[in-house]
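Student: Got a structure for you, questions after.
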């Protein structure tokens, strides 16, 4: 499936203060994605990525892989239409 999509992933667990956003940004850039990884007040990280479906799916696999900084307990994802309002990949 080569279509362009928007992945919104809410990452739960010990994912703040451990380099998780930096790691996510690095993987996303390697995959050619645009978007951001942002800390939330409740301790989750919200990852938004746009690009080819295959690359977004791969990022989702990596988020769930157990090879991330910290400890991911669950990732809740949703797939949305591309908004084309993102440039680069930011840590927020």
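Student: Suppose we keep only residues that are part of a helix (DSSP H, G or I) and touching a residue at least 24 places away in the same chain (Cβ under 8 Å) within the stretch 25-56. Which one would you say is nearest to residue 92 (Cα to Cα)?
Tutor: Ranking the qualifying residues of the stretch 25-56, first place goes to 25.
Student: A follow-up question, please. For residue 47, are the conditions met, namely being closer than 17 Å to residue 73 by Cα, within 12 Å of the chain's Cα centre (by Cα) and either at pLDDT below 95 or surrounded by 17 or more Cβ atoms within 10 Å (Cβ to Cβ) (or both)?
Tutor: When the stated conditions are applied, residue 47 passes them.
Student: Ok, one more. Just one of 10, 79, 22 is at pLDDT 95 or above, in contact with a helix residue (DSSP H, G or I) (Cβ under 9 Å, 6 or more places away or on another chain) and not in a loop (DSSP other than H, G, I, E, B); which is it?
Tutor: Among 10, 79, 22, only 79 is at pLDDT 95 or above, in contact with a helix residue (DSSP H, G or I) (Cβ under 9 Å, 6 or more places away or on another chain) and not in a loop (DSSP other than H, G, I, E, B).
Student: Moving on to the next point. Which of (1) surrounded by 12 or more Cβ atoms within 10 Å (Cβ to Cβ); (2) on the phi < 0 side of the Ramachandran plot does residue 70 not meet, given it meets every other one?
Tutor: All conditions pass for residue 70, except number (2).
The values are calculated or read from the model by the stated rules, or taken from the named source; none is laboratory data. A quick note: this is a predicted structure, and the numbers were derived from the prediction, not measured. Neighbour counts are summed over all protein chains in view; Cβ atoms, including those assigned to glycine, are modelled from backbone coordinates with ideal geometry.
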